[in-house]
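Enquirer: Take a look at the following structure, please.
The values are calculated or read from the model by the stated rules, or taken from the named source; none is laboratory data. In this text, all values refer to a predicted model and were calculated from it rather than measured experimentally. For neighbour counting, all protein chains shown are included, and Cβ atoms are generated from backbone atoms with ideal geometry for every residue, glycine included. Calculation scope for accessible area: heavy atoms of the full protein, side chains included, ligands and nucleic acids excluded. Shrake-Rupley method; radii C 1.70, N 1.55, O 1.52, S 1.80 Å.
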Amino acid sequence: MPKGWRLAELVERFGGRAIGEADIMQVAPIERAGSAELTFVTHPRYRKELEHTKAAAVILNEALQDATVLPRIVCANPAAYFAHVAALFNPEPAARPGIDPSAVLHPTAMVAASAQVGAHVYIGADVTVGEHAVIEAGCVIGDRAVLGAGIRLYPNVTVYHGCHIGARAILHSGVVIGADGFGLALEDGRWLKIPQIGRVVIGADVEIGANTTVDRGAMDDTVIGEGVKLDNQIQIGHNVRIGAHTAIAACTGIAGSTTIGRQCQIGGAVRIIGHLNIADRTEISAACVITKSIDVAGVYAGFYPFEAHRDWLKNAAHLRHLNELVKRIRELESRVDHLQGGQK
Amino acid sequence: MPKGWRLAELVERFGGRAIGEADIMQVAPIERAGSAELTFVTHPRYRKELEHTKAAAVILNEALQDATVLPRIVCANPAAYFAHVAALFNPEPAARPGIDPSAVLHPTAMVAASAQVGAHVYIGADVTVGEHAVIEAGCVIGDRAVLGAGIRLYPNVTVYHGCHIGARAILHSGVVIGADGFGLALEDGRWLKIPQIGRVVIGADVEIGANTTVDRGAMDDTVIGEGVKLDNQIQIGHNVRIGAHTAIAACTGIAGSTTIGRQCQIGGAVRIIGHLNIADRTEISAACVITKSIDVAGVYAGFYPFEAHRDWLKNAAHLRHLNELVKRIRELESRVDHLQGGQK
Amino acid sequence: MPKGWRLAELVERFGGRAIGEADIMQVAPIERAGSAELTFVTHPRYRKELEHTKAAAVILNEALQDATVLPRIVCANPAAYFAHVAALFNPEPAARPGIDPSAVLHPTAMVAASAQVGAHVYIGADVTVGEHAVIEAGCVIGDRAVLGAGIRLYPNVTVYHGCHIGARAILHSGVVIGADGFGLALEDGRWLKIPQIGRVVIGADVEIGANTTVDRGAMDDTVIGEGVKLDNQIQIGHNVRIGAHTAIAACTGIAGSTTIGRQCQIGGAVRIIGHLNIADRTEISAACVITKSIDVAGVYAGFYPFEAHRDWLKNAAHLRHLNELVKRIRELESRVDHLQGGQK
């Protein structure tokens, strides 16, 4: 029978202060947590759910500590505390050392004995795979790539030749690292391909969501800083640099040679054009189109708000005449100035 | 020689009423249908094409039944009728029972004898694969996944551990079901990963387009209702719930914990933020950004309409001063009120 | 030791005029090019970098030829010249003829002896693979597909049955060619699938970026013209036709049955709805939504410009009242007309 954890044991491990005691087997959301489950609350708006929860115990902050009589852990950052506890109860499965007989490895590939290489994996020439790395079924690793210790590649990930993946990085299925950037030159109405000879260099503790693509640099490298978190279906162009601990939500695209600062938070479906600089700690709301560098950290936004289709038809039609409309207002102001002048 | 179908036979099978007779071997679009091909018309604007078509016969509705002298089938819903006939002439290839020798199956995987498992497939521990299922080359099925009867997985699909795929579901190449949702907590400027321990549960008769991603739930499940149709490159965040028979066009993204109703029609490149509720039968036009729950079914829209680049530069610049512009109008109104008051 | 190239040799091969002489081993960006590296400059704004570069030589145009004393090549189109030289120094690796023992080929597949077939590739019935084709690990080629001479498929590409890929085309990892288009008919609140029986036909010298999807035609074909360049994560709907030498940047989506002209340049994250015609040589800026056919070539644009979040909240709120605002302006104009009439 799996061992439960006492609140006192959790507090000993992760800090905070326990009030009351309970035996915890798993974490759960507040609405359906049961008698062996721990949940958490970060915001006073969940007072009602807190009142009705059947959880064994709750993680909350000082301000909410008296909002329940349940056993509880009081701490400064309940969400982070919950992340630690959830990881304790749900650890990533450890690497199962060994190479599946169906995998094909180039004879010069160097794979740590503690690494796990799944079925139908292909590993190219001069690749290095670190200790405790997990490479799941169907992944393809190009020549000379370097995969750090403790990385996890979910099935069907592709890493092109020469790319570096930092320690403990997690790449989800369908991720493509190091495909050619969109480098073209026009000659007589036809496109010439410019060879893309840079690499992708990914720092430690990065996580990259399913079907995200990170292009290799044209001549220099594309660089993803340590601790960066990329959600699904993100596109990172060639020579982009993303600073450490920046998080980017799904479906965002960043065009070539743009530099994103450290600790930025970028929403989903944001589009950032090329050759820009975005300051450290900038926040960009979902669905924004960023066309100029941002020098001052702040919260930025911009999209057309939705409405009933019939209203949108009426309203949006005027956008094409906005310049003219402003002229009409200026004209009115001058006429009214004139009228009021005449009255004086 | 393949057997043709007489209109009388089609009507016997699918209903409607035949006028005249023809021998049908295939379906085709109205502009190039030939003497053994059946086509269809749904709208009076195709009267001209109807006049010139070389088709053997036409499916049309009551209103158009006299618009041609060709052999024809008259019915209430020509598009649906055509879908039935097209499926009759172009059936999905049946499963070829058996497991390709190159596939790797965990010894505990349970695969129905009538199922087809293609080359280089990997099937994990305790997976169940139903009768007549087709799993094409390069697919990877994680531990404990359940694949229903009659499903079809095109090549290079990935299903993560524990996910359920309902009967007859079709998943196109590059689809990723059950990757981790974007669950993070910030602690001292670094992101902690929150383990994603829910599943993805997909209903019967769902179709999912190429390179679409559906994230597993954080703690509860992500749920795709029966008969839902998802186009290509759609992103579904963790804990999203999509009601039965909703259709969503390509490139749309739905952020975490949003609930979409039944029988909705959502256009391409729509972005729906997290934690919203969208009413049953809501229609959302392409390229909309949905930032608030929709309680009343209707047709919603919203995006900036395109124009010549030089015009856009002039018009869009005013958007950043719209609030000020409204103040100037108010000011003018008050000045004109004053002037007219003075005239009285 | 690898052979360097003299400027005189380059000029002999690619044209232009050499001033001075140098021994070139590689290309590099102007900021970090070293003593055996060639760089290029296209625009006067790089005069400063040109002054400080440590490059062995520079490619530039007539107007800039005296802006440096370095050895240089003077030509009409430095970017194209650079593309040629870069390709000379960084050729695509040649096909290594042979079929990896782990690949699975249907007995009826016809693969040229000079072609390279990687690990865990699957090639279906009656497929044709041309001379010097490269099919990297994990690719899956459906029955009856035709792959032209000199094509390169990076790992984990999927080509569905019956699709044609023209000579020398390059498909990056995760590309899916020929998945079913989104063809549905509604019947009693449920969606019927309309079989997609067209193909995808891709011309010679096309390049397609990572995770891009091109759907097969419903009944006719989807056609990508010769020399077309598609970036990553683009979605091309069924029956779309793209004219020769058009280039499309990442994350753009084109809905079904739209025809794009020749030599168009379409930015990233553009959305083009279905059944439109876009004229030859049209340019569309990033993030545009195109909802009407474009008959006249030109540069088109349109998106909501970003700003500080607090400003956007104030400004965007007025968009829903724009129609009413225009009415208020009209009303003011009429009142002021009346006042000025009264003054006369």
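Enquirer: Computed FRET efficiency, Cβ-Cβ of A:MET110 and A:ALA297, R0 41 Å: what is it to the nearest 0.05?
Expert: 0.45
Enquirer: Just to verify a number: FRET efficiency for C:GLU283 and B:ARG281, C-beta to C-beta distance, R0 = 45 Å, to 0.05?
Expert: It comes out at approximately 0.70.
Enquirer: Further question on the same structure: Per the Kirkwood formula on distinct C-alpha pairs, the Rh of segment B:80-182 is how many angstrom?
Expert: Every distinct Cα pair counted, the radius reaches 13.7 Å.
Enquirer: Now for a different question. Pull up the DSSP beta bridges for chain B and report the antiparallel fraction as a percent, rounded to 5.
Expert: 10
Enquirer: Quick one: Kirkwood hydrodynamic radius for segment A:233-291, alpha-carbon pairs, angstrom, one decimal?
Expert: Computed over Cα pairs of segment A:233-291, the Kirkwood hydrodynamic radius comes out at 10.8 Å.
Enquirer: How many Cβ atoms of partner chains, on average, are near each residue of B:18-29 if near means within 10 Å of its Cβ?
Expert: 1
Enquirer: Could you tell me which of the pairs A:LYS193/C:LYS193; B:LYS292/C:LYS229; C:LYS48/C:LYS229; A:LYS193/C:LYS3 are separated by over 31 angstrom between their Cα atoms in the structure shown?
Expert: Check vs 31 Å cut-off fails for A:LYS193/C:LYS193; B:LYS292/C:LYS229; C:LYS48/C:LYS229.
Enquirer: For segment B:247-323, what's the relative contact order in percent, using C-alpha pairs closer than 8 Å and at least 6 residues apart?
Expert: Once normalised by length, the contact order is 22 percent.
Enquirer: From the label point of B:ALA36, set 7 Å from Cα along Cα→Cβ, how far away are the matching label points in the other copies, in nm, ordered shortest to longest?
Expert: Copy-to-copy label distances for B:ALA36: 6.7, 6.7 nm.
Enquirer: Take every DSSP beta bridge with both residues inside segment A:185-283 and express the antiparallel ones as a percent of the total, to the nearest 5.
Expert: Just about 10 percent of them are antiparallel.
Enquirer: From other protein chains only, count the Cβ atoms within 10 Å of every residue's Cβ in B:208-219, then give the mean.
Expert: The mean count of partner-chain Cβ atoms within 10 Å per residue comes to 6.
Enquirer: Can you tell me, using C-alpha contacts under 8 Å and at least 6 residues apart, the relative contact order of chain C as a whole percent?
Expert: 6
Enquirer: Still on this model: Leaving ligands and nucleic acids out of the surface, order C:HIS245, B:HIS338 by accessible area at 1.4 Å, largest first.
Expert: B:HIS338, C:HIS245
Enquirer: Take the Cα atoms of segment A:33-98, find their three principal axes, and give me the spread along each one in whole Å, biggest first.
Expert: For segment A:33-98, the Cα spread along each principal axis is 51, 24, 18 Å.
Enquirer: Moving on to the next point. Counting every Cα pair in segment C:220-344, what percent are over 24 Å apart?
Expert: Summing the P(r) tail past 24 Å for segment C:220-344 gives 46 percent.
Enquirer: Percent antiparallel among DSSP beta bridges with both residues in the protein assembly as shown, to the nearest 5?
Expert: Around 15 percent of the beta bridges assigned by DSSP in the protein assembly as shown are antiparallel ones.
Enquirer: Quick one: net charge around B:GLY20, please, counting Lys, Arg +1 and Asp, Glu -1 for every other residue with C-beta under 13 Å from its C-beta.
Expert: 0
Enquirer: I would also like to ask the following. Any idea what the relative contact order of segment A:97-143 is, in percent, if you count C-alpha pairs under 8 Å spaced at least 6 apart?
Expert: Over segment A:97-143, the number comes to 38 percent.
Enquirer: Would you compute, from DSSP H runs of 4+ residues alone, the mean residue ellipticity of chain A at 222 nm, taking -39500 (n - 2.57) per run and dividing by the full residue count, rounded to the nearest 500?
Expert: Helices in chain A give a 222 nm mean residue ellipticity of -5000 deg cm²/dmol.
Enquirer: Given the alpha-carbon gyration tensor of segment A:148-294, what are the semi-axes of its equivalent ellipsoid in whole angstrom, ordered largest first, with each equal to the square root of 5 times an eigenvalue?
Expert: Over the Cα atoms of segment A:148-294, the semi-axes work out to 22, 20, 13 Å.
Enquirer: A further question on this structure: Mean Kyte-Doolittle of at least -0.5 plus a Cα span of 15 Å or more along the axis: flag which DSSP H helices in chain B meet both, please.
Expert: Helices meeting the criterion: B:78-89.
Enquirer: Quick one: what are the phi-derived ³J(HN,Hα) couplings along segment B:127-137, Karplus 6.51/-1.76/1.60 with θ = phi - 60°, whole Hz, x for glycine and proline?
Expert: 3J(HN,Hα) across segment B:127-137, in whole Hz: 6, 10, 10, x, 4, 6, 5, 10, 10, 7, 4.
Enquirer: Still on this structure, please answer the following. Over 5 Å intervals from 0, what percent of Cα-Cα pairs in segment B:185-247 sits in each interval?
Expert: 5, 18, 22, 23, 12, 8, 6, 4, 1, 0
Enquirer: Further, regarding this structure: Averaged across orientations, what area in nm² does the convex hull of the alpha carbons in segment B:153-215 project?
Expert: Result: a mean projected hull area of 4.6 nm².
Enquirer: If you scale each eigenvalue of the Cα gyration tensor by 5 and take the root, what three semi-axes come out for segment C:1-54, rounded to whole angstrom and sorted largest first?
Expert: Equivalent-ellipsoid dimensions as semi-axes: 21, 15, 9 Å.
Enquirer: Could you tell me which of A:GLY98, A:LEU192, A:GLY178 has its Cα farthest along the dipole of chain A towards the positive end, charges placed at Cβ (Lys, Arg +1; Asp, Glu -1), taken about the Cα centre?
Expert: Toward the positive end, the furthest listed residue is A:LEU192.
Enquirer: Could I ask something else about it? Roughly speaking, what is the centre-to-centre gap between segment B:23-48 and segment B:125-189 when only Cα atoms are used, to the nearest Å?
Expert: Segment B:23-48 and segment B:125-189 have Cα centres separated by 39 Å.
Enquirer: Using a 1.4 Å probe, how large is the accessible area of A:ASP295, given in Å² and rounded to the nearest 10?
Expert: Accessible area, nearest 10 Å²: 130 Å².
Enquirer: In peptide C:45-53, how many Cβ atoms from other protein chains are near each Cβ within 10 Å, on average?
Expert: Whole-number average of other-chain Cβ neighbours for C:45-53 is 0.
Enquirer: Decide, for the protein assembly as shown, between rounded, prolate and oblate: order the square roots of the alpha carbon gyration tensor eigenvalues as a ≥ b ≥ c, take rounded if a/c falls under 1.5, and otherwise choose prolate if a/b is larger than b/c, else oblate.
Expert: Because its axes are fairly even, with a/c under 1.5, the protein assembly as shown counts as rounded.
Enquirer: With label points built 7 Å along Cα→Cβ from the Cα atoms of B:HIS321 and A:GLU51, find their separation and express it in nm.
Expert: Taking the simple label geometry, B:HIS321 and A:GLU51 are separated by 5.2 nm.
Enquirer: Starting from segment B:1-81, pick out the trypsin sites (Lys or Arg not before Pro) whose DSSP state is loop and whose Cβ has at most 16 other Cβ atoms within 10 Å.
Expert: Passing sites in segment B:1-81 are B:LYS3, B:ARG32, B:LYS54.
Enquirer: Let me ask something else about it. Which shape class, rounded, prolate or oblate, goes with segment B:1-158 when its Cα gyration tensor gives a ≥ b ≥ c as root eigenvalues, a/c under 1.5 marks rounded, and past that a/b bigger than b/c marks prolate?
Expert: prolate
Enquirer: Same structure again: Pop the C-beta distance of A:GLU21 and A:ALA94 into the FRET formula with R0 = 25 Å and round what comes out to the nearest 0.05.
Expert: The pair A:GLU21/A:ALA94 has a calculated efficiency of 0.20.
Enquirer: In addition: Determine one quarter of the surface area of the Cα convex hull of chain C, which equals its mean projected area, and express it in nm² to one decimal.
Expert: Reported value for the Cα convex hull: 29.3 nm².
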